[in-house]
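Working notes, structure below.
We did not get these values from a lab; they are worked out from the coordinates using the rules stated. All of these numbers come straight from a predicted model, not from anything done at the bench. Cβ: placed from backbone, ideal geometry, glycine included. Neighbour counts: every protein chain shown.
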């Protein structure tokens with residue numbers, strides 16, 4: 001079953017269960033997917049990999065919103081954002097550990113022959129398909145920068 005179809009069937013089930021948080025979150029995600037499908041010159045169906053990219057973006061938005069609400073002292077709103085993020089996370093592939101990310105970075109550096117921070121883009125381009133949806137881009141970026149800085 002395609003990921004989008006699973007989301008739609010889970011939405012139906014959460015509506016039957018009267019789980020408002022879950023159904024609302026899945027609705028938001030499906031809307032984001034639909035917006036992505038109709039953006040551009042012509043409408044198209046997203047692949048599972050593209051759906052995972054949209055889900056990752058939505059999960060990141062929830063994390064950032066939860067942090068902002070916590071800093072502003074709105075704990076209830078922060079808790080809602082965290083709960084929505086956890087629901088979205090159930091549809092994402094298992095996240096890579098920091099050591100797994102470092103192993104992928106080292107392999108990408110060896111593969112590209114990158115030797116310094118100025119070649120960070122080359123390494124990121126090489127590693128991106130391998131980590132899509134499985135690691136936070138900011139974390140990967142900082143680890144790549146650190147690895148390339150150590151090389152010199």
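Scaled to the globular estimate 2.2 N^0.38 Å, the Cα spread of the chain, given as radius of gyration, is 1.22.
Computed as a quarter of the hull surface, the mean projected area of the alpha carbon convex hull for the range 98-150 stands at 3.1 nm². By the beta-carbon count within 10 Å of each Cβ, the least crowded to most crowded order of 84, 100, fewest first, is 100, 84.
Once the Cα-Cα distance is subtracted from the 0.36 nm per residue extended length, the residue 61 to residue 13 segment shows a gain of 14.8 nm. Here is the tail figure for the range 22-68: Cα pairs spaced more than 12 Å apart come to 65 percent of all pairs.
With a simple spin-label model that places each label point 7 Å from the Cα along the Cα-to-Cβ direction, the separation between residue 90 and residue 5 comes to 2.0 nm. Relative to the dominant Cα principal axis of the chain, helix 137-150 is inclined by about 10°.
Between the helical axis of 48-71 and the longest alpha-carbon principal axis of the chain there is an angle of about 80 degrees. If you line up the long axis of helix 20-38 against the longest principal axis of the chain, both from Cα atoms, how many degrees apart are they, to the nearest 10? In the chain, helix 20-38 runs at an angle near 60 degrees to the longest axis. Placing a label point 7 Å from the Cα of residue 98 along the Cα-to-Cβ direction, none of the residues of the range 52-86 has a backbone N under 18 Å of that point.
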